[in-house]
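Just below is one structure, and these are the notes that go with it.
The values are calculated or read from the model by the stated rules, or taken from the named source; none is laboratory data. Note that the structure is a prediction, hence the values are computed from the model and not measured. A quick note on method: Cβ atoms are made from the backbone with ideal geometry, for glycine too, and the neighbour counts reach across all protein chains shown.
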Amino acid sequence: MERVDRCVVLVDAGYLLGAAASLLAGEPARSRITVDHAALIQGLRERAEADTEQPLLRIYWFDGAPDRVPQPEHRRLRVMPRVTVRLGALTRSDGRWAQKGVDAAMHAELTELARNRACSDVVLVTGDGDLLPGLMSAKEHGVAVHLWAVQAADGDYNQSEDLVAEADERRVLDRAWITKAVRAKDIGGVCAPTPAPRPEIAAILSAPLPEAALAASAERASEAQAAAARNGSAEPAARARTAPPQPPAPGGKGGVPTPKDLAGLRAPAERVAAPAGQPPAANATLRWSSDRGWVERGGPLGEPPETASLPTLAQLTSAEQRWADREEDITTVGGDPFEVGQVFARRWMERLQETALLQKLSTMYPRIPHRIDGELLRYAARFGLLAHKDDQIDEHDRYAIRAGFWREIDVTTAAGHLPLGEQGVS
């Protein structure tokens with residue numbers, strides 16, 4: 001079998017991005033860096049073709065993912081020309097994440113390419129000595145092996161000495177090369193285009209923490225008691241003194257209060273301030289999520305008639321459309337939470353037969369009816385947003401998904417909803 005003169009690049013993403021994070025951010029956590037994957041792939045291709053003097057056959061991107069479910073970055077990579085993504089498992093042990101099966105997959109691909117004489121040169125971007133047998137096997141089949149390293153931070157050595165000794169050629173990807181596609185988050189570097197402002201999310205995250213809101217509620221209650229005493233009405237003050245204490249509401253992830261927290265903290269003050277014989281103010285419940293238990297649902301047995309009449313996306317989608325949706329999800333939707341909400345909303349609006357239903361939904365902002373909201377989150381789960389989070393979508397991601405949904409609705413209806421921070425509760 002005649003050997004084909006072309007090159008292949010095998011990338012251990014854990015090594016490449018972990019070493020880049022160590023170099024630029026001082027620690028190997030990939031969460032500390034932002035990556036322009038398109039620029040990174042283009043840089044790898046140009047460097048490989050220049051070093052090997054051969055045209056590129058393919059770049060193989062090896063990475064770990066929880067339950068081998070592609071994450072948004074993997075979805076973006078796998079639709080790029082000449083890129084193939086291979087996923088191993090990502091498991092958590094003793095509070096740390098570890099890849100399983102990535103080295104074995106790289107070894108198998110390397111030896112198979114060499115055995116089938118599919119290329120003349122292989123570029124390995126890795127530091128793991130477990131690939132030594134595969135490297136030696138490739139050399140025995142007449143393949144030239146180029147080993148690339150990422151410049152180590154503070155003089156550390158981040159590659160197996162045995163790999164370095166066995167490689168035919170070696171190159172170090174220095175800081176100047178790395179920073180063409182990778183930036184450290186804490187230095188404000190951004191390689192991808194700046195996303196559009198998201199006032200809905202910003203307003204939620206700038207909301208007061210539960211402790212501050214609780215203190216404000218207590219202050220309002222004291223003012224109400226003082227006012228009642230000045231007016232000579234003992235009954236409201238007595239109700240305030242005998243009301244059961246409200247426990248502090250738990251905050252959301254990272255100390256951010258959930259809408260449920262904020263609504264629960266606001267409610268006691270509203271009840272205190274309500275005149276005798278009248279129910280608490282109707283705006284004591286924050287309408288953001290339609291999860292059961294937090295949103296007024298028009299009764300204990302289901303949704304009110306005005307939302308029950310809204311069809312779900314599944315009810316509006318034909319078998320042919322379902323196939324086309326799946327094709328779009330696989331080939332063009334990256335999986336960013338905000339983007340997921342936009343795609344779902346766009347499909348839902350395009351398939352509505354009655355525009356009056358769209359106007360009806362728009363008037364419910366920021367609440368998404370329970371059935372549609374559940375379907376939206378299930379759709380988001382396809383993109384790996386549930387993975388490594390105990391089968392629950394991260395709270396910030398849920399806000400982003402719903403904000404994307406409403407942004408798309410606004411573009412069509414020109415509703416011009418205010419950010420949640422300006423609307424408050426309704």
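Within region 157-173, can one find any residue that is touching a Lys or Arg at 6+ places or on another chain (Cβ under 8 Å), more than 23 Å from residue 120 (Cβ to Cβ) and in contact (Cβ under 8 Å) with a residue 40 or more places away in the chain? No. The set of residues from region 142-158 being of a type outside the set (Phe, Trp, Tyr) and under 17 Å from residue 9 (Cα atoms) comprises 142, 143, 144, 145, 146, 147, 149, 150.
Restricting attention to region 68-81, the residues being surrounded by fewer than 19 Cβ atoms within 10 Å (Cβ to Cβ) and either within 17 Å of residue 36 (Cα to Cα) or not assigned by TED's automatic domain parsing to the domain that holds residue 58 (or both) number 5. Here's a check for you: in region 336-364, which residue that is under 23 Å from residue 399 (Cβ atoms) and hydroxyl-bearing (Ser, Thr, Tyr) is nearest to the chain's Cα centre (by Cα)? That would be 362. In region 82-119, the qualifying residues are those that are β-branched (Val, Ile, Thr) and not in a strand (DSSP E or B), and the one that is surrounded by the fewest Cβ atoms within 10 Å (Cβ to Cβ) is 111. Against the conditions (1) touching a helix residue (DSSP H, G or I) at 6+ places or on another chain (Cβ under 7 Å); (2) polar (S, T, N, Q); (3) more than 27 Å from residue 6 (Cα to Cα), residue 71 satisfies every one except (1).
Among residues belonging to region 74-92 that are aliphatic (A, V, I, L, M) and closer than 14 Å to residue 330 by Cβ, point out the one that is modelled with the highest pLDDT. Among those that are aliphatic (A, V, I, L, M) and closer than 14 Å to residue 330 by Cβ, it is 85. Within region 120-134, the only residue that satisfies the criterion of being over 36 Å from the mean Cα position of the chain (by Cα), outside any loop (DSSP other than H, G, I, E, B) and surrounded by 18 or more Cβ atoms within 10 Å (Cβ to Cβ) is 121. Filtering region 315-345 to residues that are in a helix (DSSP H, G or I) and surrounded by 16 or more Cβ atoms within 10 Å (Cβ to Cβ) leaves 325, 329, 337, 338, 339, 340, 341, 342, 343, 344, 345. Restricting attention to region 36-55, the residues being aliphatic (A, V, I, L, M) and either assigned to a loop (DSSP other than H, G, I, E, B) or crowded, with 20+ Cβ neighbours inside 10 Å (or both) number 4. Of the helices (runs of 4 or more DSSP H) contained entirely in region 364-426, not one carries at least 1 residues that are modelled with pLDDT under 70 and under 21 Å from residue 328 (Cβ atoms).
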